[in-house]
1. What's the exposure ranking of B:Val78, A:Val38, going from fewest to most Cβ atoms within 10 Å?
2. Please report, in whole Å³, the volume per residue of the convex hull around the C-alpha atoms of the range B:46-149.
3. In nm to one decimal, list the spacings between the A:Arg37 label point and its equivalents in the other copies, with label points set 7 Å along Cα to Cβ, shortest first.
4. Which cross-chain or sequence-distant (5 or more) residues have an amide H under 5 Å from the amide H of B:Lys53, H modelled 1.01 Å from N in plane?
5. Please report, for B:Asp114, the nm distances (one decimal) from its label point, 7 Å out from Cα along the beta-carbon direction, to the equivalent points in the remaining copies, shortest first.
6. Considering the rotational relationship between chains A and B, which residue of chain A contributes the beta-carbon of minimal distance to the axis, and what is that distance to the nearest Å?
7. In percent, what relative contact order does the range B:82-149 have, based on Cα pairs under 8 Å that are 6 or more apart in sequence?
8. Relative contact order for chain B using alpha-carbon pairs under 8 Å, separation at least 6, rounded to a whole percent?
Number of protein chains: 2
Amino acid sequence: MTRRIDDVDMKILRLLSENARYTYKELAEKLGTTRQRVSRRMDKLEKSGVIIKYTLIPDLNKLNHVHVILGLTLRPTVDLDEVVEQLKSIDYVKIIEKTLGSHSLVIHLVGPNDMALTEKMIRSIAKEIQGIDKMDITFVTEICKFEVI
Amino acid sequence: MTRRIDDVDMKILRLLSENARYTYKELAEKLGTTRQRVSRRMDKLEKSGVIIKYTLIPDLNKLNHVHVILGLTLRPTVDLDEVVEQLKSIDYVKIIEKTLGSHSLVIHLVGPNDMALTEKMIRSIAKEIQGIDKMDITFVTEICKFEVI
């Protein structure tokens, strides 16, 4: 199913992880190849799901937003996929990661920088999601490094 | 210092968070404005640090990489900035976030999908960083949703 990722693919992924706005021309120049070849490889990486998306990383503090990470430990009997579907539909739940280890699910909430509203968001998750055993609440105050690969 | 973020800025940020590769032309069309105006606003958002970077979100499993989140609780006497500087220089530490709450620091490690190597990475953090009181270890197995704003 999944095509093997070769060195050129990895180079493209690394360049785009440094700056997702590089044009095909810039990428082709950096790699010593043609725009067409770069574009074809990127298409494949997108279609196979290796590239989930191109996005920006904002400084949420500067946007006057609060960024909360919840580490959820769910009871082992809980249907994780059902919980994920429920969380997906909540607008302020921005990131959902299935995990193994200390937490069964890590989710990120983003909302206006208002403590009363933040409390409401968190309590609403705690109330609506069945089977939460433990919830670690962590507020992100500063992003000091952000690389993906 | 920081210029007020207005509705047009927010629209640009939202569009780029959905797809950081939108061209100036595409953004201008979606916003009913000119490429020059979009470009000028993006410059300002970049220079003021509202946009930290444009990047891609990869499916690390498909790249045969492991993705570990460590929630670090440090002793209150520890100099957080010193720890951050130390962590920044470690290549496999990809994300560093200063936090308040359950953890003092959330860091993401990315490495080859090999349990022995993963254990080595984690133990090396535990050994080299002074003043870790508690370390929550969470393996990301699937990204189910990824939005930033």
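1. Fewest to most other Cβ atoms nearby, the residues stand as B:Val78, A:Val38.
2. Details: hull volume 13.7 nm³, N = 104.
Measuring per residue, one finds 131 Å³ for the Cα hull of the range B:46-149.
3. Label-point distances to the other copies, shortest first: 4.1 nm.
4. A:Ile57
5. The answer, with the shortest distance listed first, is 5.2 nm.
6. With distances in whole Å, chain A gives A:Ala20, 2.
7. After rounding, I find 21 percent.
8. Relative CO of chain B lands at 26 percent.
Bear in mind these aren't lab numbers, they're just calculated from the coordinates by the rules spelled out. Only a predicted model underlies this, so the values are computations on that prediction, with no experimental measurement involved. A quick note on method: Cβ atoms are made from the backbone with ideal geometry, for glycine too, and the neighbour counts reach across all protein chains shown.
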